[in-house]
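Just so you know, all these numbers are worked out from the coordinates, no wet-lab data involved. Quantities reported herein were computed from a predicted structural model and do not represent experimental measurements. Note that each Cβ is placed from the backbone with ideal geometry, even for glycine, and that neighbours are counted across all protein chains shown.
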Amino acid sequence: MFVSPHLDINSLGHLTIGGEDTVELAERYGTPLYLMSEEELRDNCRQYRRSMEEFYGGRGLVAYASKALCCKAVCRLVAEEGLGLDVVSAGELYTARAAGVPGKRLILHGNNKTPDELAMALDYGVGRIVVDNLTELRLLDTMAAATGKRPGILLRVKPGIDAHTHSFIRTGQIDSKFGFALETGEAMAAVKEALAAKELELRGLHCHIGSQIFDIQPFCHAARVMLELMDSIRRATGTALPELDLGGGFGIPYIPDNDPVPYSRYMEEVSRTVKEFCGERDFPMPFVIIEPGRSIVGTAGVTLYRVGGVKEIPGVRTYVSVDGSMADAPRHALYQADYTFLAAARAGQPPARVVTVAGKCCESGDLLGENVPLQPVAPGDLVAMLSTGAYHYSMASNYNRIPRPAMVLVGEKGHRLIIRRETLEDLVRNDLD
Ligand code: LLP
């Protein structure tokens, strides 16, 4: 299927993931249900690692941005594939640690890390802390002095790139809460201060221009802008910073119209830009880090829902209501994101009509997809939503006191629960009388 080679349709016409029948999985584990294809996830990790080998001679690190989907099983699997992990909070750091990911392979992000988060990072020996602002730089310097540790840091820079994506997920432009601005001289001043901070080891710079980007050009542009800055830093201070982290953001297919370039192409083009620059300026080739999140787990995920009511409003639209909601799939409500839906038991048939898939929250905006083609469905049927591996479970909430769904990993050795379904008891666990 266009989303992933690990999705298919069996002889019964049922959607399969990793060879397993989704209709049977729904019977076994209930709905709503998040499914993850282990092979798709591993394949994505391997593609990135291979490209890192091929285009940078292995002098780089692929760090999975765990904000896309963070749980112990996924962190462990990604680490098994030799990737590092980007974490953005104490919770993600705790999960990575619980999964046994070595501190050295972790990168800690965040525009407002708390002292507790920084202390955790120092304690666990996080390999790189991406410093966002001067307050943090000074705090970390003081904290490092007290612990006797000398953490490796990168400075987050806004390269001034306006990538074509939804404004909420665009981060590289000057009006962004993340990082030091380039144009104003703020980034250069921060570099000088960081170089002077004795307790910190300034290894390099970081940028991230946004998410779900299909063009290669903005990534190449960002790389060049960052290298220009590294070259100016060398001229101003005599130090050639050895590392460049270019963030994540590569787009994935959600609907057939989406046509992402293979990740290896991004890697190849960006590496060409980096090599050309370094050749032209005689700048030492940096150790390159990338932080893909969505493109590691996104296409590996499918969510299964059970249809409740089908409401036809003549001349207006047909609502297909499912047992999930914006609480487990918030991206359409938040970003008007498009998705592909299939009737799991009739996935091979052509779509019968265009419908709106509605969630069960008490809110009109709780829609999972509007005007989407779908095979015929009746109450009790299963609907599969594709490409839900990234930013679904990780952004899920208990809005309307809805328990979060379970997640099942489907792999070569069969299927197993990796996140258990929340219970009603879980929902009141922290409530006090
Ligand atoms: N590195 C940094 C510093 C980031 O901020 C992000 C994403 C990534 C890497 C990974 O980007 P990816 O490869 O996944 O595009 N909730 C939004 C996406 C927000 C992305 C935030 N940062 C969505 O559902 O579209």
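The distance separating the Cα centre of the range 245-281 from that of the range 104-165 comes to 25 Å.
Label-to-label distance for Q217 and A196 is 4.1 nm, based on points extended 7 Å past Cα in the beta-carbon direction.
Annotation for E53 and K413: the two label points, set 7 Å from Cα along the Cα-Cβ direction, are 2.4 nm apart. If you run the Gaussian network model on the chain, springs between alpha carbon atoms under 10 Å, then out of G248, G148, G30 the most flexible one is G148.
Using only side-chain charges placed at the Cβ, +1 for Lys and Arg and -1 for Asp and Glu, the dipole size of the chain relative to its Cα centre rounds to 580 debye. Need one word for the range 1-125: rounded, prolate or oblate. Basis is the Cα gyration tensor (sqrt eigenvalues a ≥ b ≥ c); a/c below 1.5 gives rounded, then a/b vs b/c decides. Oblate, since a/c reaches 1.5 and b/c is not below a/b.
Normalised by the number of residues in the range 1-150, what is the relative contact order in percent for Cα pairs under 8 Å and 6+ residues apart?
Relative contact order comes out at 13 percent.
Give, as ranges by residue number, the residues of the range 248-277 whose backbone N falls under 17 Å from the point 7 Å along Cα→Cβ of F2. What the label zone holds, given the 17 Å backbone N cut-off, is 251-262.
Nearest 500 deg cm²/dmol is fine: what mean residue ellipticity at 222 nm does the chain get from its DSSP H runs of n ≥ 4 alone, each adding -39,500 (n - 2.57), divided by its residue count?
Numbers: 12 runs with 134 residues, N = 433.
One gets -9500 deg cm²/dmol as the mean residue ellipticity at 222 nm.
Of the residues T95, T356, T135, the one that moves most in a GNM of the chain with alpha-carbon contacts below 10 Å is T135. In this calculation the C-beta distance from V354 to D116 is compared with R0 = 51 Å, giving a FRET efficiency of 0.55. Placing a pseudo-label 7 Å from each Cα along the Cα-to-Cβ vector at E312 and A145 gives an inter-label distance of 7.5 nm.
In the range 242-356, the inverse of the mean reciprocal separation of distinct Cα atoms equals 18.1 Å; this is its Kirkwood hydrodynamic radius.
For each pair in K67/K113; K104/K149; K113/K177; K67/K275, compute the distance between the two Cα atoms and list the pairs where it is over 18 Å. The partial results should precede the final answer.
Working: K67/K113 15 Å; K104/K149 13 Å; K113/K177 13 Å; K67/K275 30 Å.
From the list (K67/K113; K104/K149; K113/K177; K67/K275), the Cα-Cα distance tops 18 Å for K67/K275.
Helix 38-56 and the longest principal axis of the C-alpha atoms of the chain enclose an angle of approximately 30°. For the peptides 301-307, 6-12, 344-350, residues were scored by their other Cβ atoms within 10 Å and the scores averaged per peptide; the highest-first order is 301-307, 344-350, 6-12. Once the cut-off is 37 Å, how many percent of the Cα-Cα pairs in the chain end up in the long-distance tail? The answer is 27 percent, as a whole percent.
Annotation: the range 320-433 has a Kirkwood hydrodynamic radius of 15.4 angstrom, from the mean reciprocal C-alpha pair distance.
When the chain is modelled as a GNM with alpha-carbon springs shorter than 10 Å, which of L108, L202, L139 fluctuates the most? The residue that fluctuates most here is L139.
Once the Cα-Cα distance is subtracted from the 0.36 nm per residue extended length, the D123 to S232 segment shows a gain of 35.9 nm.
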